[in-house]
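The values are calculated or read from the model by the stated rules, or taken from the named source; none is laboratory data. None of the values given here were measured: they were computed from a predicted structure. Using ideal geometry, Cβ is built from the backbone for each residue, glycine included, and neighbour counts are taken over all protein chains shown.
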Amino acid sequence: MSSFPTGTSTRRLVTSVQKLERTLATAGLPRFVARMPVWWLCWHYCRMLDQKIASMRRIAGKFDRWGPAIREASPVAHEKLEMLDLDHSMRTDIEFTKGTMLELRDYCIDIGRMFEQLGHESAGLKRRQATLIEVLDASCASATRMQDALTRHDDAVLARLRAEADSAAAAAARAG
């Protein structure tokens with residue numbers, strides 16, 4: 001992703017492409033030739049979105065596998081007091097990943113606006129954008145379910161530890 005705000009980079013790109021298009025048209029090239037930079041840019045973004053969709057599907061698949069695995073492991077881990085995320089680092093990492101996915105979603109929407117500003121409409125680009133947004137939304141929902149499963153697990157294990165500590169303290173008080 002860009003190091004400066006997407007809106008700023010998009011405006012710069014729109015301005016540059018429009019300037020190039022005007023220059024080509026002013027040079028006497030036919031309109032369809034002058035529009036080639038816009039078409040190429042759209043093709044480029046379609047390829048980029050294809051790559052992002054594949055990448056996000058892999059991440060979504062991981063969340064989809066890990067969430068149920070945590071829920072299935074929770075009863076066993078609860079019995080053995082394993083898999084505690086006391087420092088919330090796992091949940092923080094998931095939250096960071098969700099934030100990155102939401103930024104990518106905003107970037108995707110911004111790209112659509114950019115092509116609207118350029119007066120270019122592409123069914124393929126719109127389809128890819130819709131697919132990416134759908135995958136990102138599903139991934140964020142799956143990540144949230146995973147965070148919730150971690151929280152429920154940790155709460156159950158901590159409750160068990162507290163109960164054991166209370167029981168041990170009561171036993172020690174009765175013995176002492």
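At-a-glance table
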{"quantity": "Of all residues making up segment 138-176, the number that are over 29 Å from R113 (Cα atoms) and surrounded by 19 or more Cβ atoms within 10 Å (Cβ to Cβ)", "calculated": "7"}
{"quantity": "Verdict on L24 being assigned to a helix (DSSP H, G or I), touching a Lys or Arg at 6+ places or on another chain (Cβ under 8 Å) and among the hydrophobic types (A, V, I, L, M, F, W, C)", "calculated": "no"}
{"quantity": "Subset of segment 27-37 (residues that are part of a loop (DSSP other than H, G, I, E, B) and either hydroxyl-bearing (S, T, Y) or closer than 18 Å to F115 by Cβ (or both))", "calculated": "R35"}
{"quantity": "Residue identified as modelled with pLDDT under 90 and in a helix (DSSP H, G or I) among I94, I53, I111", "calculated": "I111"}
{"quantity": "Number of the condition not met by E121 [criteria: (1) under 25 Å from V14 (Cβ atoms); (2) touching a Lys or Arg at 6+ places or on another chain (Cβ under 8 Å); (3) among the charged types (D, E, K, R)]", "calculated": "(2)"}
{"quantity": "Condition broken by V135, with the remaining ones in (1) closer than 26 Å to G61 by Cα; (2) surrounded by fewer than 15 Cβ atoms within 10 Å (Cβ to Cβ) satisfied", "calculated": "(2)"}
{"quantity": "Residue list for segment 10-51, filter: among the β-branched types (V, I, T) and surrounded by 12 or more Cβ atoms within 10 Å (Cβ to Cβ)", "calculated": "T10, V14, V17, T23, V33, V38"}
{"quantity": "Segment 87-123 - residue that is of a type in the set (G, A, S) and surrounded by 13 or more Cβ atoms within 10 Å (Cβ to Cβ) and, of those, farthest from L158 (Cα to Cα)", "calculated": "S122"}
